[in-house]
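The values are calculated or read from the model by the stated rules, or taken from the named source; none is laboratory data. Because the structure is a prediction, the values reported are computed rather than measured. Neighbour counts are summed over all protein chains in view; Cβ atoms, including those assigned to glycine, are modelled from backbone coordinates with ideal geometry.
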Amino acid sequence: MDDPNDPAPAPLLRVRDLVVRHPGPTRRSAPLTAVDGVSFDVHAGETLALVGESGCGKTSAATAVLGLRRPDAGSVRFEGTELTTLGEAGLRALRPAFQPVLQDPYGSLSPRLRVRDAVAEPLRIHGRWERATGPDQVDALLGKVGLDPAHGDRFPHELSGGQCQRVGIARALACEPRLLVLDEPVSALDPSVRAGVLNLLNGLQDELGLGYLFICHDLPLARHIAHRVAVMHRGRIVETGPARRVLTDPEHPYTRELVRAVPSIHGAPSESSLPAAP
Ligand SMILES: Nc1ncnc2c1ncn2[C@@H]1O[C@H](COP(=O)(O)OP(=O)(O)OP(=O)(O)O)[C@@H](O)[C@H]1O
């Protein structure tokens, strides 16, 4: 329970001491600890960027947060409800409120579904589809992500990567979520279309007060897009703080290791790929 005397607003998402292990490469090998006691909060209207080099455990943490797998230890609370011990029915009821947006804009859409049906699908799955109002709802969702309703008649292969990612965001918005878990949402996109998608995400956050857990391996991008940054390294969070302050010290031991692992970390983000800061 939240302390009634604590004036700080309760976070949308509270993750504490999260541990995620994967099976080792052979049946005899020890399990691999991908996430090793990670804790963070995401508040409504806030972007927390979870950054770190490839393989440091970001996606494993996101998978546990989304309830797609049970963590091996730790707590994931969404709006005060503990997800790690919730049964399948309870998770299904809560799932519309926290939605993923994935990296591969084409891969996350069925090639056989027209855009209109892809956006309608989550409404149907979560029992929110009504024949009378559903089509208008789909048009409104397309409009919200900057797509013309005419795009609804197309198949994914008839769209650009940026348009596909907008459809992915429309699907995530369909069930009126409060939290989006964005796993590298722009890294598969051309730099020229990244800014448009990032601006869209900023605008939606301002309008809807959404919390974002924004996973990426690009620290300049994270500093630019996020309010706060948590840096992961070998399964642990090694630094966390306001985005503009994190890992600005090139002599910090983790900065040195990360610069080796991710050369872009101290590279200047290209102006064309970044929108205005939040
Ligand atoms: N399903 C799995 N089975 C076994 N090992 C896994 C599995 N998923 C991830 N791993 C391992 O867990 C570690 C963390 O992987 P994870 O994908 O969470 O990292 P990441 O930071 O998201 O990396 P990337 O940025 O490359 O996606 C890696 O060593 C990876 O090989």
Exactly one condition in (1) in a helix (DSSP H, G or I); (2) under 16 Å from the mean Cα position of the chain (by Cα); (3) among the aliphatic types (A, V, I, L, M); (4) more than 19 Å from residue 104 (Cβ to Cβ) is not met by residue 200; state its number.
-> (4)
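Please verify whether the stretch 112-121 includes one or more residues that are touching a strand residue (DSSP E or B) at 6+ places or on another chain (Cβ under 8 Å), more than 16 Å from the ligand (Cβ to nearest atom) and of a type in the set (D, E, K, R). It would help to see each step written out before you state the result.
Initially, the stretch 112-121 is screened for residues touching a strand residue (DSSP E or B) at 6+ places or on another chain (Cβ under 8 Å), giving none.
Taking every residue of the stretch 112-121 in turn, none turns out to be touching a strand residue (DSSP E or B) at 6+ places or on another chain (Cβ under 8 Å), more than 16 Å from the ligand (Cβ to nearest atom) and of a type in the set (D, E, K, R).
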Within the stretch 89-110, is even one residue basic (Lys, Arg), within 29 Å of residue 232 (Cβ to Cβ) and crowded, with 17+ Cβ neighbours inside 10 Å?
-> yes
Does residue 51 count as touching a Cys at 6+ places or on another chain (Cβ under 9 Å), of a type in the set (Val, Ile, Thr) and within 26 Å of residue 220 (Cα to Cα)?
-> yes
Please note which strands (runs of 3 or more DSSP E) are completely contained in the stretch 6-57 and include at least 2 residues that are near the ligand (Cβ under 10 Å from one of its atoms) and over 18 Å from the mean Cα position of the chain (by Cα).
-> 13-22, 32-42
Keeping to the stretch 58-86, report how many residues are within 13 Å of the ligand (Cβ to nearest atom), surrounded by fewer than 17 Cβ atoms within 10 Å (Cβ to Cβ) and of a type in the set (A, V, I, L, M, F, W, C).
-> 1
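Looking at 120, 73, which one is under 19 Å from residue 16 (Cα atoms) and of a type outside the set (Lys, Arg)? Can you show your working first?
Details: 120 fails: under 19 Å from residue 16 (Cα atoms).
Exactly one of 120, 73 is under 19 Å from residue 16 (Cα atoms) and of a type outside the set (Lys, Arg), namely 73.
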If a residue has to be in contact (Cβ under 8 Å) with a residue 40 or more places away in the chain, closer than 30 Å to residue 151 by Cβ, assigned to a loop (DSSP other than H, G, I, E, B) and not aliphatic (A, V, I, L, M) to count, how many in the stretch 78-111 make the cut?
-> 7
Tell me which residues, restricted to the stretch 118-136, are surrounded by 14 or more Cβ atoms within 10 Å (Cβ to Cβ) and not in a loop (DSSP other than H, G, I, E, B).
-> 118, 119, 120, 121, 122, 123, 125, 134, 135
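Here is a yes/no grid of residues against (1) in contact with a Ser or Thr (Cβ under 7 Å, 6 or more places away or on another chain); (2) within 24 Å of residue 160 (Cβ to Cβ); (3) at pLDDT below 90; (4) not small (Gly, Ala, Ser):
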{"residue": "184", "(1), (2), (3), (4)": "no, yes, no, yes"}
{"residue": "208", "(1), (2), (3), (4)": "no, no, no, yes"}
{"residue": "245", "(1), (2), (3), (4)": "no, no, yes, yes"}
{"residue": "253", "(1), (2), (3), (4)": "no, no, yes, yes"}
